[in-house]
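The block underneath contains the structure these notes are about, expressed in structure tokens.
The values are calculated or read from the model by the stated rules, or taken from the named source; none is laboratory data. These numbers come from a predicted model, not from an experiment. Heads up, the Cβs are rebuilt from the backbone with ideal geometry, glycines too, and the neighbour counts pull from every protein chain shown. The area values use the complete protein model at the heavy-atom level, side chains included, leaving out ligands, DNA and RNA. Shrake-Rupley method; radii C 1.70, N 1.55, O 1.52, S 1.80 Å.
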Amino acid sequence: MHEIISKRKSIRKYDLTPLDEAVLVRIEEKTKQLRPLYPHLAYDIKIVNSTRGIFNTKAPHYLILSSEVADGCYENIGFLGQQMDLYFSENGLGACWLGSAKPAEAEVSSLPHVIAIAFGNPAEPLHRDISQFKRKPLEEISEGSDERLEAARLAPSALNAQNWFFVAAEGKIHCYRKLANPLLGFIYNRLHAIDMGIAIYHLALESEEFHFGKESDAPVRAGYVYTGTVGG
């Protein structure tokens with residue numbers, strides 16, 4: 001398993017000193033080199049220095065991830081954002097997904113806001129031992145056997161809920177996200193879809209050849225939405 005997956009953690013305490021301009025330039029360049037899950041979807045990633053909203057985290061900088069609203073857009077944002085999350089962790093910077101934070105400025109992007117990621121120099125330990133992860137056992141979130149499933153199990157998710165399920169069969173992994181309570185669906189279905197994209201990126205890192213798409217004969221799972229199938 002990719003080393004950074006097994007030691008990454010969400011950082012919530014930061015040194016509020018802004019990063020050097022050269023570092024920010026490299027980060028901006030990285031955001032332009034990401035591999036989308038769905039290349040046809042328009043998205044935008046901008047660096048800002050402040051956000052608003054409840055449950056916010058004080059950090060020197062934030063990524064604001066925006067997207068056109070279309071089928072698969074939230075999974076796409078999760079897939080893209082997790083590339084940055086792991087990039088930060090691998091390069092000595094802390095990061096944390098912020099589901100409720102919004103840009104403080106109204107016109108950050110012409111596309112609708114989706115989610116933010118705080119980042120900066122950490123004011124707490126950057127990494128952890130794999131034994132410190134608090135995750136559901138594989139048997140609760142998957143069936144079948146595939147060594148890539150452990151990487152998906154370690155992926156971050158909103159409230160650490162891990163509202164996903166994976167079915168491994170014949171070298172493929174079918175991916176599902178849990179349907180939220182109808183009263184809270186307008187919030188949590190979006191977050192669950194982003195989480196699904198995050199987990200799919202972990203599967204991509206562990207795949208020799210990554211292919212993703214929907215299959216007409218994928219198993220149906222009650223209470224879950226079929227997102228797609230990972231090959232490779």
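If you go through the stretch 39-51 one residue at a time, how many are of a type in the set (S, T, Y) and either open to solvent by 100 Å² or more (accessible area, probe 1.4 Å) or over 22 Å from G94 (Cβ atoms) (or both)? If you could, list the steps in order and put the result at the bottom.
If we filter the stretch 39-51 for residues that are of a type in the set (S, T, Y), which is where we start, we get 43, 50-51.
Narrowing the set further to residues that are either open to solvent by 100 Å² or more (accessible area, probe 1.4 Å) or over 22 Å from G94 (Cβ atoms) (or both) leaves 43.
Counting residues in the stretch 39-51 that are of a type in the set (S, T, Y) and either open to solvent by 100 Å² or more (accessible area, probe 1.4 Å) or over 22 Å from G94 (Cβ atoms) (or both) gives 1.
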- Restricting attention to the stretch 183-227, the residues that are outside any loop (DSSP other than H, G, I, E, B), among the hydrophobic types (A, V, I, L, M, F, W, C), in contact with a helix residue (DSSP H, G or I) (Cβ under 6 Å, 6 or more places away or on another chain) and open to solvent by 10 Å² or more (accessible area, probe 1.4 Å) number exactly 1
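Evaluate the stretch 21-38: report whether one residue or more is among the small types (G, A, S) and buried (at least 16 other Cβ atoms within 10 Å of the Cβ). Break it down stepwise before answering.
Our first condition is that a residue be among the small types (G, A, S); within the stretch 21-38, this holds for 22.
Still in the list and also buried (at least 16 other Cβ atoms within 10 Å of the Cβ): none.
So far as the stretch 21-38 goes, no, none of its residues is among the small types (G, A, S) and buried (at least 16 other Cβ atoms within 10 Å of the Cβ).
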- Name every residue in the stretch 58-101 that is outside any loop (DSSP other than H, G, I, E, B), open to solvent by 10 Å² or more (accessible area, probe 1.4 Å) and acidic (D, E), in order of residue number. E75, E90
- Query: Got a number for residues in the stretch 102-132 being in contact (Cβ under 8 Å) with a residue 60 or more places away in the chain, open to solvent by less than 80 Å² (accessible area, probe 1.4 Å) and either hydroxyl-bearing (S, T, Y) or in a loop (DSSP other than H, G, I, E, B) (or both)?
  - Reply: 9
- Quick one: which residue in F166, F133 is more than 16 Å from the chain's Cα centre (by Cα) and at pLDDT below 95? F133
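Name the residue that is farthest from G231 (Cα to Cα), counting only residues in the stretch 133-151 that are assigned to a loop (DSSP other than H, G, I, E, B) and open to solvent by less than 60 Å² (accessible area, probe 1.4 Å). Please lay out each step first, then the result.
We begin by selecting, within the stretch 133-151, every residue assigned to a loop (DSSP other than H, G, I, E, B); these are 133-137, 144-148.
Keeping just the survivors that are open to solvent by less than 60 Å² (accessible area, probe 1.4 Å) gives 133, 135, 137, 144, 146, 148.
Working: F133: 27, R135: 24, P137: 23, G144: 15, D146: 11, R148: 11 Å.
Ranking the qualifying residues of the stretch 133-151, first place goes to F133.
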